[in-house]
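The block underneath contains the structure these notes are about, expressed in structure tokens.
The values are calculated or read from the model by the stated rules, or taken from the named source; none is laboratory data. Bear in mind the structure is a predicted one, so any value in this text is a computation, not a measurement. Neighbour counts run over all protein chains shown; Cβ positions are idealised from the backbone, glycine included.
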Amino acid sequence: MGSQGGFYQSKEFLDLVKSIGEARSKAEEDRIVLGEIDTLKRRISEPDIPKRKMKEYIIRLVYVEMLGHDASFGYIHAVKMTHDDSLLVKRTGYLAVTLFLNEDHDLIILIVNTIQKDLKSDNYLVVCAALNAVCKLINEETIPAVLPQVVELLAHPKEAVRKKAIMALHRFYQKSPSSVSHLVSNFRKRLCDNDPGVMGATLCPLFDLITIDVNSYKDLVISFVSILKQVAERRLPKAYDYHQMPAPFIQIKLLKILALLGSGDKQASENMYTVVGDIFRKCDSSSNIGNAVLYECICCVSSIYPNPKLLESAADAISRFLKSDSHNLRYMGIDALGRLIKISPEIAEQHQLAVIDCLEDPDDTLKRKTFELLYKMTKSTNVEVIVDRMIDYTISINDNHYKTEIASRCVELAEQFAPSNQWFIQTMNKVFEHAGDLVNIKVAHNLMRLIAEGFGEDDDTADSQLRSSAVDSYLHILGEPKLPSVFLQVICWVLGEYGTADGKYSASFITGKLCDVAEAYSNDETVKAYAVTALMKIYAFEIAAGRKVDMLPECQSLMEEFLASHSTDLQQRAYELQAVIGLDAHAVESIMPSDASCEDIEVDKALSFLNGYIQDSIEKGAQPYIPESERSGMLNISKFRNQDHHEASSHGLRFEAYELPKQTVQSRIPPASLASTELVPVPEPMYVSESYPTTTVSSASSDAGSTELKLRLDGVQKKWGRQTHSPATSTSSTTSQKTVNGITQVDGSNTSNSRTRETYESRKQQVEITPEKQKLAASLFGGSSKTEKKPATGHKISKSSSYMVEKSHVPKSSMEIASEKKAPIQQPPDLLDFGEPTVQSNAPSVDPFKELEGLLEPTTEVAAAKNHSSTAAATKSPDIMGLYTETPAGIHNKDDGDILSGLSNPPGTHMLGGTTRTQVAQSSKGPNLKDSLQKDALVRQMGVTPSSPNPILFKDLLG
Amino acid sequence: MGIRFILMVNKQGQTRLAQYYEWLTLEERRALEGEIVRKCLARNEQQCSFVEHRNYKIVYRRYASLFFLVGVDNEENELAILEFIHLLVETMDRHFGNVCELDIMFHLEKAHFMLEEMVMNGSVVETSKANILSPIQLMEKAS
């Protein structure tokens, strides 16, 4: 059993481990651990426990916590152990403390002293142990207690100490950037440390710093490039090699940093091209680690300023990943593809079948990654296929976290790219039905708005068809047992508004359904409220149409219940319903005009419609109204009810609510959007549609040319376009405040038709693949190439133009795609749009061998051609790593070589060199049955008898 | 932050080593470990070695009876983490000689010491086996 020295273990401990190892169930394990807790509680506080024994107790405590039980009774003993003189015991104490305590634990204060003392120790291993603890236990308040010492240790002669000191400083930076802001220059300094381990560690804090503030570190580009170059050229000690790759973990970290520094910076990027190209060529694509570095190169290439040669190499690497049998590599390939298509959208097409294979793979991880890719490449031509797939997938899983994520992605895509309203509504129905409680309530409001507005413009029949089909589908869906609350709200609203509109269903049928809903979901007050108001609308429409209203008995009993409801909201709605039913047809019609949810309601605050009546009364000798504030001799008490706050200030307390903040007239509407939209605030998002004020502005009909209709976006996402959030407060300067009747209003331009779009055009297809796959591939990838090539020039301009303009015309143009399929299409500019006009995306036209030739050209030439300065810079750059080469292999154990020489294995005997791990492991070690038997025998000697169920415990991990 | 936790769990779902780089309470750990292990153990050899779980990505690798699971955040290079696991196992193998589950159980603190050398603040800081093992060997010798 390996090396035992010093790590003394008693039979008791071995028995414990054995019994835990042999436990067959969680219950059995729990029983063992509970017994152990009892034992430890008794033993650990006995006086004069030998420290070896104590160390063992502490490790047993670690076991107790690791297996999920509370060991807090022993924390104090772990803390005490950190005081010990023996290094091993001390370090075990520190380890236990870092495992047990979080940085805010009360006991930490007892350790800070010990840490301070240990940081000053002559034994560098003690210092290292203390620094480990610093990284885990020091919080913002205690940083100052150790900071000076940590900074001092940055110059410690031992590289191990410098490395850990750097990481401690990194930790302080993570915890409280301001506490070490004056010290960040140390990271730059340590980048040039002559120990590669210290340099490698320094990359961690630098990565964080650069992530936050790229511009301050641009000067380091040359250094990073130079380091990377030297690493790739194997100038680091052999000990850093892993599976014949030179220091791959350092390479990866450097590539990550370069990706940050080169992002959007042409000059910085040009310095990187050569070295990244070199690494592309040097990477061994047959080993995992080689592919890990390759993947990082792709990430880097797709982040920095584009370079055609590198993009080609990246695309090649991606093809190799995607063609691999290994799921891991395909996963990396899909991820890499998602990054690269941002720059070269056309490469997706050549991998369409691989992508579809991944999408259809039973492996969930791969599937999700592929959905992520599809999400990135969605556009109006493939949105239907992609969203349908996503919804199917949502239905199939029950992981709520991911369900929420994918559902909101569906909604986002549907809002951005929906080809028709009909499709949008159907899609939303599916999303609501299957993930309704997980999506944002605004989505529901958008849907109601859309149904209410319909297609506007010119096509009333299409509108009513849409509504009828919505009503049909909802009546059908209501049969399902358990529906999400949000979806039920939408259903109730639509049924109330349009349930009887086309005459297909009788009022009693619809009201019956609504009563069923209210009864079935009797613990959901919001749904009940929606249902009651829907009932009121149905009855009001009936009365207005001159038909006799017979309230169903179940409806009557429901109303009786609601009239006495504890919810005042429900009560009020029920009373309103009662009142409406008692009115005559004429009154009802003006209270509840049918299909008027989109119309503006002007609230006449001055009650000017009463002017005539007042005039009459005054003429008849009535007293004119005196505003309360002007009245004299009023009792003070009356002021408590005063609506006017101007005078109330003389009295101490005010009992009435503060007045609402005055809405200021703003001109913050972006000029570009002024043309089509004007914004009116939506005061109350939840129930806006549910109460009808008694005055309505008549007939601002929602048909053709109604340009004065306002688009109301209360921070709501714009549909059909890029998400744009409109400023929420801005009013027109008229005195009468407009309130909203419908959910929100849309302007005339945001309209469309129901003409079904020709989705799947004929396009070039590859042979010998199943037709379904071809079809899917075509619908995902090929869709755009034909139609979207046309607008070449005009489109380009809009793409390069400012974002503002882009946003403003999006709502319109994306609708046009649906409606004017034959005309040149002005597509909303889309980075991910594969069908971009200029690029001929047919991959086969390029000779792959030519591409390969291109790859093999010396990359320096490329870089030089691109930029004269890059090569010059490379040669000028300081040879920071040159130091390493002087002591090629031995630098790290030069100092302690004499101590170690006796016990360290001769380097190389265990170096598992080969390409694939398992083979090599076997070949270098051979079958290890003998070892297992030896271990077995040893353990038996100690009295631990492995029983039959788990000889596996002895199995070599690498075997 | 990169690495959020490292777990070693056997086929029966019993935890053999747990190291967290962000603080979770005992209950949270127990729940998390249960969920993750259930997810990973249900997968077969051909499937990806990566699993998404809540906000984590779990990279896992199986050696004989023991699963090594590393929770990382989204920006991490999964393949590199997979190889990091292998490096860890190789390092333990060099130290224990044909390392097995029981070695880790009997020498839990040593396994932790190796991890302490390799990972700090959730980042991989040392990948040279000699550098990782030398403090442990020195400590053994001293005591």
Item to check | Residue satisfying condition, being touching a residue at least 24 places away in the same chain (Cβ under 8 Å), closer than 21 Å to B:Glu76 by Cα and surrounded by fewer than 24 Cβ atoms within 10 Å (Cβ to Cβ), within set A:Ile222, A:Ile210 | outcome: A:Ile210
Next on the checklist: On the basis of being free of Cβ contacts under 8 Å to residues at least 24 places away in the same chain and either farther than 30 Å from A:Ala336 by Cβ or not in a strand (DSSP E or B) (or both), does B:Cys40 make the cut?
Outcome noted: no
Next on the checklist: Name the single residue that is farthest from the other protein chains (Cβ to nearest Cβ) among those in region A:44-65 being closer than 19 Å to B:Leu17 by Cα and not aliphatic (A, V, I, L, M).
Outcome noted: A:Tyr57
Checklist outcome for this item: For region A:232-257 the number of residues that are within 14 Å of chain B (Cβ to nearest Cβ) and in a helix (DSSP H, G or I) is 13
Item to check | Check on A:Asp363, within 22 Å of the chain's Cα centre (by Cα) and within 14 Å of another protein chain (Cβ to nearest Cβ) | outcome: yes
Next on the checklist: Suppose we filter region B:69-81 for residues that are more than 9 Å from chain A (Cβ to nearest Cβ) and within 11 Å of the chain's Cα centre (by Cα); how many remain?
Outcome noted: 3
Checklist entry - Does A:Ser522 satisfy the condition of being assigned to a helix (DSSP H, G or I), surrounded by fewer than 23 Cβ atoms within 10 Å (Cβ to Cβ) and not basic (Lys, Arg)? => result no
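Yes/no matrix, rows are residues, columns are (1) among the acidic types (Asp, Glu); (2) free of Cβ contacts under 8 Å to residues at least 40 places away in the same chain; (3) assigned to a loop (DSSP other than H, G, I, E, B):
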position	(1), (2), (3)
A:Gln578	no, yes, no
A:Val588	no, no, no
A:Asp595	yes, no, yes
A:Glu599	yes, no, yes
A:Asp604	yes, no, yes
A:Ile614	no, yes, no
A:Ser617	no, yes, no
A:Gln623	no, yes, yes
A:Ile626	no, yes, yes
Item to check | Any chance A:Ser485 is at pLDDT 85 or above and not β-branched (Val, Ile, Thr) | outcome: yes
Next on the checklist: Checking the condition at the interface with chain A (Cβ under 8 Å from one of its Cβ atoms), surrounded by fewer than 23 Cβ atoms within 10 Å (Cβ to Cβ) and among the aliphatic types (A, V, I, L, M), which residue from B:Leu26, B:Leu41, B:Leu115, B:Leu32 passes?
Outcome noted: B:Leu26
Checklist entry - Are any of the residues in region A:170-192 in contact with a strand residue (DSSP E or B) (Cβ under 9 Å, 6 or more places away or on another chain) and of a type in the set (S, T, N, Q)? => result no
Next on the checklist: Of all residues being closer than 23 Å to B:Glu27 by Cα and within 7 Å of another protein chain (Cβ to nearest Cβ) in region A:66-87, which is surrounded by the fewest Cβ atoms within 10 Å (Cβ to Cβ)? Just the residue, please.
Outcome noted: A:Asp70
Checklist entry - Hey, does region A:420-433 have a residue that's of a type outside the set (Val, Ile, Thr), in contact with a Ser or Thr (Cβ under 8 Å, 6 or more places away or on another chain), in a helix (DSSP H, G or I) and at pLDDT below 80? => result yes
Item to check | Every residue from region A:323-335 that is over 25 Å from the mean Cα position of the chain (by Cα) and assigned to a helix (DSSP H, G or I) | outcome: A:Lys323
Checklist entry - What residue, among those in region B:82-109 that are in contact with a helix residue (DSSP H, G or I) (Cβ under 6 Å, 6 or more places away or on another chain), within 7 Å of chain A (Cβ to nearest Cβ) and not hydrophobic (A, V, I, L, M, F, W, C), is farthest from A:Pro237 (Cα to Cα)? => result B:Glu101
Checklist entry - Between a first residue in region A:246-274 that is aromatic (Phe, Trp, Tyr) and a second residue that is part of a strand (DSSP E or B), which pairs have beta carbons less than 8 Å apart while being 6 or more apart in sequence or on different chains? => result A:Phe249/A:Tyr242; A:Phe249/B:Val124
Item to check | Among the candidates B:Ile58, B:Ile81, residue that is hydrophobic (A, V, I, L, M, F, W, C) and more than 25 Å from A:Asp195 (Cα to Cα) | outcome: B:Ile58
Checklist entry - Take the residues of region A:120-155 that are over 41 Å from the mean Cα position of the chain (by Cα) and buried (at least 17 other Cβ atoms within 10 Å of the Cβ): which is nearest to the other protein chains (Cβ to nearest Cβ)? => result A:Leu125
Item to check | Options A:Lys403, A:Lys369; residue that is out of contact with any Gly (no Cβ under 6 Å at 6 or more places or on another chain), assigned to a helix (DSSP H, G or I) and crowded, with 22+ Cβ neighbours inside 10 Å | outcome: A:Lys369
Next on the checklist: Just to be sure I understand the filter: pairs with C-beta atoms under 6 Å, separated by 6 or more residues or on different chains, first member in region A:88-104 and free of Cβ contacts under 8 Å to residues at least 24 places away in the same chain and more than 8 Å from chain B (Cβ to nearest Cβ), second member of a type in the set (A, V, I, L, M, F, W, C) and outside any loop (DSSP other than H, G, I, E, B). Which pairs pass?
Outcome noted: none
Next on the checklist: For region A:498-506, check the following and say yes or no: at least one residue is modelled with pLDDT of 85 or more and in a helix (DSSP H, G or I).
Outcome noted: yes
Next on the checklist: So A:Lys342 ticks every box in (1) within 14 Å of chain B (Cβ to nearest Cβ); (2) under 24 Å from B:Asn74 (Cβ atoms); (3) charged (D, E, K, R) but one. Which box is left unticked?
Outcome noted: (1)
Item to check | Residues (surrounded by 18 or more Cβ atoms within 10 Å (Cβ to Cβ), out of contact with any helix residue (DSSP H, G or I) (no Cβ under 6 Å at 6 or more places or on another chain) and polar (S, T, N, Q)) located in region B:11-23 | outcome: B:Gln14
Next on the checklist: Take the conditions surrounded by 19 or more Cβ atoms within 10 Å (Cβ to Cβ) and either over 19 Å from the mean Cα position of the chain (by Cα) or not in a helix (DSSP H, G or I) (or both) and apply them to A:Thr394. Does it pass?
Outcome noted: no
Item to check | Test for B:Tyr56: is it of a type in the set (Ser, Thr, Tyr), modelled with pLDDT under 95 and closer than 24 Å to A:Ile406 by Cβ | outcome: yes
Checklist entry - Only one of A:Glu29, A:Glu22, A:Glu36 is at the interface with chain B (Cβ under 9 Å from one of its Cβ atoms), closer than 26 Å to B:Gly13 by Cβ and surrounded by 15 or more Cβ atoms within 10 Å (Cβ to Cβ); which? => result A:Glu29
